[in-house]
Amino acid sequence: MSENKNTAAAESQFEEGSLKVRKLTPLEVTFAVVGCGIGSGCLGTAYSARLAGFPVITFWLIVSGITTLFSMYYVAETALRTRRMMQLPGLAERYVGPVGKILVFLAVTLNAFSCLIAYFNGSGNIINTLLGIPGWVGTLMFLIPGMLVVFFGLKAVGMAGKYLSIAMTIMLIVLCGASLISKDADLSRLFVSNWSYAIPIFNVAAFSYIGQYLVPDLARGLSHDPKKLAPAMLAGQIITAALLVLVPLGCFVISPADEISQVATIAWGQALGSWALYTANIFALIAMFTSFCPISQTLISSIVDFFKFRSDSDNAIRVPIMLVVYGIPLVLVFGNLVGFVDAIYFSGTFCAAIMAILPVFMINRARKSGDFEPVWNCGWMASKPMQVLIVILYGGTVVYAILGMMGILPAGW
């Protein structure tokens, strides 16, 4: 009885506004985090790190996993201190101001488009490899079922992510096990490193974890039981980190660096044999699909929140937004205007920096002017030294990327 009272009290604190509540379970939240993290980023880590080596990408995947989780927690606490349910741009506007709203919206949009470009490129390449059909047909075969899931909203996205993420995890463990026991396995490759490429590799690792924009949707889905939000996110981030490390591990063990492809599972599967070619690339398609759905859902609700449309569940609003959201990346992909890893790198640099740094200011302001004290807070994870570390770490990647584009510093690959 007391638990039901607490749930009712938690629900009564929040107002829906234009973003409607679709209840999620803690397990659905966990696998939404996993699905978001195991997407195009994991497929590009091995290729982007082929000059740096496995120790370098592993180090950065651990570091960026921790710092991204802290930043996601800052967004979670900010959302739990706010009565009206908002997406990240709305929260940024309230606690940072109009400039913060615009920066976050641009970051969310650029990151989502970068992801979609990577998914459309990658899915077309993979289905072409598996079935021998044109890449553009493969892209549409990936897109159409994804659009259907996204059309039905947050609950459908959560359910699809849960079941597909479990299947994806099993396939990845099988593939890594097969790589380690293969006659062609060379464990010595796991210890080769070149730390002069370390800084640009962080940008790709950071992209793999970008999940701050997903947190308001997760907080909305668990608004009936907010105490379970942080543990569910932690579990999701731990699983994500483990799986992200397994992908380059399997690739480096089985393939020389110069044979690793941009979409890692293509060369990985070819090296292990025909069964692995299909398994690895089906894994890749599922990985992209489980990330495609929550990223699309978040972008749609962010657009509704940013432009203050009536509702994200109104089909007269939702369908036109979906056409624009998918139409722009399709044009870029079919026009061969953006490559797979380039999309990951530049999104990882600028979007990860904005979405990691702005929550630092958001949580500090929310603690002063939020609507109420939440049932959970970040504690020591939001200490000043930790906040300064996040600002320096992610701010430094932007500086490096700019100098790299000017030719002053080397690119990572």
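Taking the 0 to 90 degree range and rounding to the nearest ten, how far is the long axis of helix 154-181 tilted relative to the main principal axis of the chain, both from C-alpha atoms?
30 degrees
Of the accessible area of the chain, with the probe set at 1.4 angstrom, what percent is carbon plus sulfur?
69 percent
Please name whichever of 29, 59, 176 sits farthest to the positive end of the charge dipole of the chain, dipole taken about the Cα centre and charges placed at Cβ: Lys and Arg +1, Asp and Glu -1.
29
Among the listed pairs 23/101; 101/162; 162/228; 23/162; 23/228; 101/308, give every one whose C-alpha distance is greater than 20 Å.
Listed pairs above 20 Å: 23/101; 101/162.
Taking only Cα atoms, what is the 0 to 90° angle, nearest 10, from helix 198-209's long axis to the longest principal axis of the chain?
It is inclined by approximately 60 degrees.
Under 5 Å between amide H atoms, partner at least 5 residues away or on a different chain: which partners does residue 84 have, H built in plane at 1.01 Å?
15
Mind ordering 242-251, 366-375 by average Cβ neighbours within 10 Å, highest first?
Per-residue Cβ counts within 10 Å, averaged per peptide and sorted highest first, yield 242-251, 366-375.
Provide the net charge surrounding residue 25, with neighbours chosen by a C-beta distance below 12 Å and charges set as Lys +1, Arg +1, Asp -1, Glu -1.
Local net charge: +3.
Given an 8 Å cut-off on Cα distances and at least 6 residues of separation, report the relative contact order of the chain as a percent. Before the final figure, lay out each step's value.
Numbers: 702 pairs, mean separation 152.3, N = 413.
The normalised contact order for the chain reaches 37 percent.
Sorting check: for 51-58, 194-201, 289-296, 305-312, which peptide has the highest mean count of neighbouring beta carbons within 10 Å, and how do the rest follow?
Per-residue mean Cβ counts within 10 Å order the peptides as 289-296, 51-58, 194-201, 305-312.
Give the angle, between 0 and 90 degrees and rounded to the nearest 10, that separates the Cα long axis of helix 54-80 from the longest principal axis of the Cα atoms of the chain.
Long axis of 54-80 versus the principal axis of the chain: about 10 degrees.
Give the Rg/Rh ratio for the chain, taking Rg as the radius of gyration of the Cα atoms and Rh as the Kirkwood radius, to two decimals.
0.96
Just going by the charge dipole of the chain, with Lys and Arg at +1 and Asp and Glu at -1 on Cβ, which of 222, 255, 132 is farthest out on the positive end?
Of the candidates, 222 comes out farthest on the positive side.
Order the peptides 183-190, 272-279 from the highest to the lowest mean number of other Cβ atoms within 10 Å of their residues.
Listed from highest to lowest mean packing, they are 272-279, 183-190.
Of all trypsin sites (Lys or Arg not before Pro) in the stretch 63-134, which ones are in loop regions per DSSP and have a Cβ with at most 10 other Cβ atoms within 10 Å? Present the calculation step by step, with values, prior to reporting the outcome.
Working: sites: 81, 83, 84, 94, 101; in loops: 81, 83.
Nothing satisfies the criteria.
At residue 314 and residue 399, where each label point lies 7 Å from the Cα along Cα→Cβ, what is the point-to-point distance in nanometres?
Result: 4.7 nm between the two label points.
At 1.4 Å probe radius, can you tell me the per residue accessible area of the chain in Å²?
Computed with neighbouring chains in place, this is 38 Å² per residue.
Which of the lysines could a cross-linker bridge to residue 384, judged by Cα under 21 Å and excluding same-chain residues fewer than eight apart?
Reachable lysines: 368.
What 222 nm value per residue comes from the helices of the chain, counting each DSSP H run with n ≥ 4 as -39,500 (n - 2.57) and dividing by all residues, nearest 500 deg cm²/dmol?
Mean residue ellipticity, 222 nm, calculated: -25500 deg cm²/dmol.
State the answer as a single residue: which of 245, 276, 197 lies farthest towards the positive end of the charge dipole of the stretch 185-277, with beta carbon charges of +1 for Lys and Arg and -1 for Asp and Glu, about the Cα centre.
Farthest towards the positive end: 245.
Where the centre of each part is set by its Cα atoms, how far does the stretch 218-238 sit from the stretch 127-197, in angstrom?
Result: 25 Å between the Cα centres.
When the chain is fully extended, how far beyond the present Cα-Cα distance does residue 159 get from residue 259, taking 0.36 nm per residue of separation?
32.3 nm
The values are calculated or read from the model by the stated rules, or taken from the named source; none is laboratory data. Quick caveat: nothing in here was measured; it's all calculated off a predicted structure. Every residue, glycine among them, receives a Cβ derived from its backbone with ideal geometry; neighbour counts consider all protein chains shown. Heavy atoms of the whole protein, side chains included, go into the accessibility calculation; ligands, DNA and RNA do not. Shrake-Rupley method; radii C 1.70, N 1.55, O 1.52, S 1.80 Å.
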